[in-house]
Structure formats: structure tokens, C-alpha cells
Amino acid sequence: KPHPSNVTPSEERKKNHLNAAQLYILKIKKALQRDSYEMFSALLKGYRDGEDFSKVLTGLENLLLKKANHPDLFREFYRFIRSADKAKFDHHCLTVLGQGCGYKPEDSISRKQKETLQK
């Protein structure tokens, strides 16, 4: 492993994101029954593979808000939402839960676009 002083800011962000993602998945596993967790995993994989955002949003809402009452976990899913979908997800949270996810316009810029702009 590289010494911490040799870790680039980009590598540090990736590490922090990975740690937060792992923690979120652990919370989901604790909160949902096995069949619901399997559905959640399928939704996450589908979204990662390019599945339609509205289908994923409906599935998450059914699992985390209707089948189980976990608005906090629904809102925390924001970290997994693609940049292009963050404003829609935040608006949906605001509409359904009465509280957004802390959306900022810069959240709609992909990580690659941000890195290009910083060069």
C-alpha cells in the first residue's frame, strides 16, 4: 500500500466513496429481509448496467418506502445515482418524503467532467 502522503486526492475520494458504499450496503442488509435484499441487489445491478432510471426509482420506492419504512436509506441511495439523474432523484425525495437529498447543481457534473475542468 502506498504511504498516505503518496495518495492522490482522486484516490482518497474513491476510497472514501467505497467505504461509504460498503457501509450503506451493510445498513441495507440489516434493514431488509433476504428476498427484499435480493431485489435491491438486482435493482442496483440493473441501474449500474444502464437500466431505466424511472424503473429503478419505482423499485427502490417499493422496497424502501412501501414494503419497509426506511426513508433514510432511500435518501442515502443518492450517492449511487448517476450525475445526470441526481436532480430528478432529489426532486423525487422532496416530493415523496418532504425532504431532498442535498442536491447542488455541481452534482449533475460527472466526476470525469469535473476532473477535466480542473486541469
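The values are calculated or read from the model by the stated rules, or taken from the named source; none is laboratory data. Because the structure is a prediction, the values reported are computed rather than measured. Note that each Cβ is placed from the backbone with ideal geometry, even for glycine, and that neighbours are counted across all protein chains shown. Side chains included, ligands, DNA and RNA excluded: accessible areas come from the protein's heavy atoms. Shrake-Rupley method; radii C 1.70, N 1.55, O 1.52, S 1.80 Å.
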Region 18-119: which GluC sites (Glu not before Pro) are DSSP loop and have at most 15 other beta-carbon atoms within 10 angstrom?
51
Given a 1.4 angstrom probe, what's the average accessible area per residue across region 13-117, in square angstrom?
63
Please list the radius of gyration and Dmax for the chain, considering alpha-carbon atoms only, with Å as the unit.
15.7, 46
Quick one: 3J(HN,Hα) in Hz for region 38-50, Karplus 6.51/-1.76/1.60 with θ = phi - 60°, rounded, Gly and Pro as x.
5, 5, 4, 4, 5, 5, 4, 5, x, 5, 4, 8, x
Residue 95 accessible area, nearest 10 Å², 1.4 Å probe?
90
Sequence order, region 93-100: Karplus ³J(HN,Hα) from phi using 6.51 cos²θ - 1.76 cosθ + 1.60, θ = phi - 60°, Hz rounded, Gly and Pro as x, gives 4, 4, 5, 7, 9, x, 8, x
Once fully extended, how much extra length lies between residue 10 and residue 88, figured as 0.36 nm per residue of separation less the alpha-carbon to alpha-carbon distance?
25.4 nm
Could you please state how large a percent of the accessible area of region 13-117 is carbon and sulfur, counting protein chains only and using a 1.4 Å probe?
54
